[in-house]
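Visitor: Please read through the structure below; I'll follow up with questions.
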Amino acid sequence: MERMILVTGSAGHLGEALLRTLRASARPCRGLDRVASPFTDVVGSIVDPAVVDRAMEGCDQVIHAATLHKPHVATHSRQAFIDTNVTGTLNLLEAAVRTRVRAFLFTSTTSVFGDALVPPPGAPAAWITEDVVPVAKNIYGVTKLAAEELCALAHRNQGLACLVLRTSRFFPEGDDDPKARAAYTDANLKATEYLYRRVDVEDAVDAHLVALDRAAPLGFGRFIITATTPFVRGDAAELRTDPEAVLTRRVPGWRDAYRALGWKLLPSFDRVYDNTRARELLGWRPRHDFASVLARGGDVKSPLARAIGEKGYQNEPTTPR
């Protein structure tokens, strides 16, 4: 049997994007999800070790993208997060070790930084690199951090080549903040997020695929996956008080583009994600950023993002929290 790539979460945004891309390049791959979809080959839960063993058969690389997400905090129990995000990850890691998988990628999130993302009043914007210590603020962040540590443990104790990719926002759904939705159009918000906390799903896919090749030589590592910001660390203080002045220095012409689109800039930026380590150590070259969005006349979606579309979230409630 030809060895292949297992992708968990195949019915989700990133899972579908990965499988679309892998299939288009004729790379052997298998999708696993508890939800049936055109990109799901094995229907079942990663919480079930038997399902994981069946899905892992013949695979020598794993991209683990299945997860309960931040919006599920309102609808799912804390135990459900532990079951899926922690126990499910442990099941996959143990199966990967048993079958001698040569590369394991865990899709994490910049949400693990939690309260470290919000500086106190009067402080500069938080400049977020992999060296920032996470301060999880909900069960989602806690379980993603726990899963990251399981990956680190599998590398230290069993020698599994395992990389953690902390992705920033790439979902096409509307913002989860009702005040932001009321104040800005969706495209306006997403375009502005490319400055400091968004990545296109096409670039997220590329990051995972280059990371597969870098897992063995690197062994273990955590990487922020986000669009390349035009800002530099020295801009952090001014980004809290006068982001228009900073953006005018860094992206001349932005004001005319925003005016033509009827858009406006946020009055303040509280954080900036820095993808330098991913670009330098993974050799990742993201193609989509704030400048490219403006060059496309404000189109915030790549062709891949547009093909996948919106999925919403599975919001069926579980046991009380």
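The values are calculated or read from the model by the stated rules, or taken from the named source; none is laboratory data. The model shown is predicted, which means the values in this text are computed figures rather than measured ones. Here Cβ is always computed from backbone atoms with ideal geometry, including for glycine, and neighbour counts include all displayed protein chains.
Visitor: Out of ALA116, ALA125, I need the residue that is buried (at least 24 other Cβ atoms within 10 Å of the Cβ), over 17 Å from the mean Cα position of the chain (by Cα) and over 30 Å from LEU22 (Cα atoms). Which one? Full working, then the answer.
Guide: Details: ALA116 fails: buried (at least 24 other Cβ atoms within 10 Å of the Cβ).
Going through ALA116, ALA125 in turn, the sole match is ALA125.
Visitor: Suppose we filter GLY31, GLY44 for residues that are at pLDDT 95 or above, crowded, with 24+ Cβ neighbours inside 10 Å and among the small types (Gly, Ala, Ser); which single one remains? Quick ask: steps written out before the conclusion?
Guide: Values: GLY44 fails: crowded, with 24+ Cβ neighbours inside 10 Å.
Every option except GLY31 fails the conditions.
Visitor: Here's something else I'd like to know. Within region 245-271, which residues are more than 30 Å from LEU212 (Cα to Cα), of a type outside the set (Phe, Trp, Tyr) and not in a helix (DSSP H, G or I)? Break it down stepwise before answering.
Guide: So in region 245-271, the residues more than 30 Å from LEU212 (Cα to Cα) come out as 245-270.
Adding the requirement that they be of a type outside the set (Phe, Trp, Tyr) leaves 245-253, 255-257, 259-262, 264-268, 270.
The answer is VAL251, PRO252, GLY253, GLY262, LYS264, LEU265, LEU266, PRO267, SER268, ASP270.
Visitor: Going by the conditions given, is PHE231 touching a residue at least 60 places away in the same chain (Cβ under 8 Å) and of a type in the set (Phe, Trp, Tyr)? Let's see the steps before the verdict.
Guide: Working: touching a residue at least 60 places away in the same chain (Cβ under 8 Å): no; of a type in the set (Phe, Trp, Tyr): yes.
In short, no.
Visitor: Filter region 189-199 for residues that are in contact (Cβ under 8 Å) with a residue 60 or more places away in the chain and outside any helix (DSSP H, G or I); which is surrounded by the fewest Cβ atoms within 10 Å (Cβ to Cβ)? I'd like the intermediate steps shown before the answer.
Guide: The initial filter retains those residues of region 189-199 that are in contact (Cβ under 8 Å) with a residue 60 or more places away in the chain, namely 190-192, 194-197, 199.
Right, trim to outside any helix (DSSP H, G or I) and you get 194-197, 199.
Numbers: TYR194: 25, LEU195: 27, TYR196: 24, ARG197: 20, VAL199: 26.
Applying the filter and picking the extreme gives ARG197.
Visitor: Further question: Name the single residue, out of those in region 269-284 being within 17 Å of the chain's Cα centre (by Cα) and within 23 Å of ARG240 (Cβ to Cβ), that is surrounded by the fewest Cβ atoms within 10 Å (Cβ to Cβ).
Guide: Let us first name the residues in region 269-284 that are within 17 Å of the chain's Cα centre (by Cα), namely 271-279, 282, 284.
Now narrow it down to the ones that are within 23 Å of ARG240 (Cβ to Cβ): 271-276.
Values: ARG271: 21, VAL272: 23, TYR273: 28, ASP274: 22, ASN275: 25, THR276: 13.
Out of the qualifying residues, it is THR276.
Visitor: Determine whether GLU130 is among the acidic types (Asp, Glu), closer than 22 Å to ASN275 by Cα and within 16 Å of the chain's Cα centre (by Cα). Please lay out each step first, then the result.
Guide: Values: among the acidic types (Asp, Glu): yes; closer than 22 Å to ASN275 by Cα: yes; within 16 Å of the chain's Cα centre (by Cα): yes.
In short, yes.
Visitor: Considering region 1-20 alone, what residues qualify as being surrounded by fewer than 22 Cβ atoms within 10 Å (Cβ to Cβ) and within 25 Å of ARG100 (Cα to Cα)?
Guide: Of everything in region 1-20, those that are surrounded by fewer than 22 Cβ atoms within 10 Å (Cβ to Cβ) and within 25 Å of ARG100 (Cα to Cα) turn out to be MET1, GLU2, ARG3, MET4.
Visitor: On the given criteria, is THR109 touching a helix residue (DSSP H, G or I) at 6+ places or on another chain (Cβ under 7 Å) and either crowded, with 22+ Cβ neighbours inside 10 Å or among the hydroxyl-bearing types (Ser, Thr, Tyr) (or both)? If you could, list the steps in order and put the result at the bottom.
Guide: Numbers: touching a helix residue (DSSP H, G or I) at 6+ places or on another chain (Cβ under 7 Å): yes; either crowded, with 22+ Cβ neighbours inside 10 Å or among the hydroxyl-bearing types (Ser, Thr, Tyr) (or both): yes.
The answer is yes for THR109.
Here's the yes/no breakdown for (1) of a type in the set (Phe, Trp, Tyr); (2) touching an Asp or Glu at 6+ places or on another chain (Cβ under 8 Å):
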site: ARG250; (1), (2): no, yes
site: ALA257; (1), (2): no, no
site: ARG277; (1), (2): no, yes
site: PHE290; (1), (2): yes, no
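Visitor: Now for a different question. Would you pick out the residues in region 216-244 that are over 30 Å from ALA154 (Cα atoms) and in a helix (DSSP H, G or I)?
Guide: First, pick out the residues of region 216-244 that are over 30 Å from ALA154 (Cα atoms): 228-244.
Residues satisfying the conditions are ARG233, GLY234, ASP235, ALA236, ALA237, GLU238, LEU239, ARG240, THR241, PRO243, GLU244.
Visitor: Tell me which residues, restricted to region 121-145, are over 15 Å from GLY221 (Cα atoms) and out of contact with any strand residue (DSSP E or B) (no Cβ under 7 Å at 6 or more places or on another chain).
Guide: Passing the criteria: PRO121, GLY122, ALA123, PRO124, ASN138, ILE139, TYR140, VAL142, THR143.
Visitor: While we're looking at this one, here's another question. State all residues of region 200-249 that are β-branched (Val, Ile, Thr) and closer than 23 Å to TRP127 by Cβ; if no residue qualifies, say none.
Guide: Pass one, region 200-249, residues β-branched (Val, Ile, Thr): 201, 205, 210, 224-226, 228-229, 232, 241, 246, 248.
Passing the criteria: ILE224, ILE225, THR226, THR228, THR229, VAL232, THR241, VAL246, THR248.
Visitor: Sticking with this one: Does LYS190 qualify as being in contact with a strand residue (DSSP E or B) (Cβ under 7 Å, 6 or more places away or on another chain) and farther than 30 Å from ARG102 by Cα? Outline the logic, then answer.
Guide: Details: in contact with a strand residue (DSSP E or B) (Cβ under 7 Å, 6 or more places away or on another chain): yes; farther than 30 Å from ARG102 by Cα: yes.
Spelling it out, LYS190 is indeed in contact with a strand residue (DSSP E or B) (Cβ under 7 Å, 6 or more places away or on another chain) and farther than 30 Å from ARG102 by Cα.
Visitor: Kindly check whether there is at least one residue in region 200-212 that is touching a residue at least 24 places away in the same chain (Cβ under 8 Å) and within 27 Å of PRO267 (Cβ to Cβ).
Guide: Within region 200-212, one or more residues are touching a residue at least 24 places away in the same chain (Cβ under 8 Å) and within 27 Å of PRO267 (Cβ to Cβ).
Visitor: Follow-up. Mind listing whichever residues of region 274-290 are within 17 Å of ALA211 (Cβ to Cβ) and of a type in the set (Phe, Trp, Tyr)?
Guide: First, pick out the residues of region 274-290 that are within 17 Å of ALA211 (Cβ to Cβ): 275-287.
If the condition is that a residue be within 17 Å of ALA211 (Cβ to Cβ) and of a type in the set (Phe, Trp, Tyr), then TRP284 is the only one that fits.
Visitor: Starting from residues that are over 17 Å from VAL205 (Cα atoms) and among the aliphatic types (A, V, I, L, M), keep the ones in region 285-313 and report whichever is farthest from the chain's Cα centre (by Cα).
Guide: If we take residues in region 285-313 being over 17 Å from VAL205 (Cα atoms) and among the aliphatic types (A, V, I, L, M), then ALA295 is farthest from the chain's Cα centre (by Cα).
Visitor: Looking at the structure I just gave you, is THR248 closer than 20 Å to ALA291 by Cβ, among the polar types (S, T, N, Q) and free of Cβ contacts under 8 Å to residues at least 40 places away in the same chain?
Guide: On the way: closer than 20 Å to ALA291 by Cβ: yes; among the polar types (S, T, N, Q): yes; free of Cβ contacts under 8 Å to residues at least 40 places away in the same chain: yes.
So THR248 fits the description; yes.
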